1. If you roll a 1.4 Å probe over the heavy atoms of the protein chains, what accessible area per residue do you get for the stretch 151-245, in Å²?
2. In square nanometres and to one decimal, what's the mean projected area of the convex hull around the Cα atoms of the stretch 171-221?
3. Using a Cα distance threshold of under 24 Å, what count of lysine pairs results for the stretch 131-254 when pairs must be 8 or more residues apart or interchain?
4. Taking a ≥ b ≥ c as the square roots of the Cα gyration tensor eigenvalues, with a/c under 1.5 meaning rounded and otherwise prolate when a/b beats b/c, else oblate, which class fits the stretch 73-206?
5. Calculate the dipole size of the stretch 131-227 relative to its Cα centre from +1 charges on Lys and Arg beta carbons and -1 charges on Asp and Glu beta carbons; express the result in debye to the nearest 20.
6. Name all residues of the stretch 64-98 having a backbone nitrogen under 14 Å from the label point set 7 Å from the Cα of Y137 along its Cα→Cβ direction, giving them as ranges.
7. Where does the stretch 115-183 land on Rg/Rh, using Cα atoms and the Kirkwood Rh?
Amino acid sequence: SSGINAESQFFWEHAIQPEPGVTSCRVSVTFRRIDKPMRTHIPKIHEPSIAPSDPLRPSKQTVLYLTDSMIRNTPSSFPSNFRVIKRDMYQLTDLMKFENFFENCDYVIISSGINDLSRYDHRSYTLSREIRDNFNYLFARYPKTVFVFNSLLRTRFAWLNKEVDLFNRCMFDFSLIENRNFWFFDSHHICSVIFNKGFEILDRSGNGIHITQLPKSEIANCLVTGVQKLSMRSEKVRKHWPLRREFVSLLPGN
């Protein structure tokens with residue numbers, strides 16, 4: 001059934017429990033609610049649904065990946081004290097569809113947004129405003145969950161790169177607001193280091209947006225390292241956190 005998807009199966013068991021006193025046939029009835037199509041302009045933040053507590057949370061730290069194709073198939077090398085969940089999210093505007101996971105997650109890594117700017121009717125300003133509104137809601141609703149936003153990467157298209165740069169700057173500025181569990185992870189800096197060593201970043205056989213395996217792997221590994229440092233509450237997190245030079249100069253105290 002299309003209504004019983006992977007997310008609902010993660011939390012709910014669809015079954016009829018045994019009843020010893022019943023010997024005749026029984027019927028299982030599933031009710032569905034059909035939502036209206038998502039509007040293209042900024043939606044109102046919907047009321048949350050509360051997920052059951054995760055019994056694994058006390059013993060393991062849970063990391064949720066919400067990602068497009070950038071690190072979708074890249075293995076994550078978290079140690080055994082982390083529980084890792086991956087879900088496809090090809091549009092950043094779909095963020096709230098995964099809200100049921102957030103309460104039971106210690107860290108949410110978000111790597112998405114390029115499709116919103118390249119294929120759909122979003123520009124950097126409208127997209128950043130919608131996402132920031134959603135995050136402000138999530139910070140209040142899930143104060144113990146840390147959100148890590150992986151920056152968008154530049155492409156072969158000049159018009160798109162302008163939107164990418166503006167959107168990244170909006171999200172970086174948003175990360176500077178105090179008392180927010182939000183980190184701007186700058187994969188652009190990682191790719192710049194790789195490029196300066198003579199390696200290609202963009203996949204020549206791709207569509208001008210996809211990157212090669214080397215930067216994918218480096219970004220994935222650095223994300224693991226970054227989340228581990230966050231989990232240890234290390235004072236040196238910012239020192240080793242990937243960030244382009246022009247953003248470093250904007251950090252408080254610089």
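The values are calculated or read from the model by the stated rules, or taken from the named source; none is laboratory data. Just so we're clear, the structure is a prediction, and the values are computed from it rather than from any experiment. Methodologically, a virtual Cβ is constructed for each residue, glycine included, from the backbone with ideal geometry; neighbour enumeration extends over all protein chains shown. Surface accessibility is based on the protein's heavy atoms, side chains included, excluding ligands, DNA and RNA. Shrake-Rupley method; radii C 1.70, N 1.55, O 1.52, S 1.80 Å.
1. Working: 5320 Å² over 95 residues.
Value for the stretch 151-245: 56 Å² per residue.
2. Numbers: hull surface 18.3 nm².
The orientation-averaged projected area of the Cα hull of the stretch 171-221 comes to 4.6 nm².
3. 9
4. oblate
5. Dipole magnitude for the stretch 131-227 comes out near 100 debye.
6. 93-98
7. My calculation puts Rg/Rh at 1.01.
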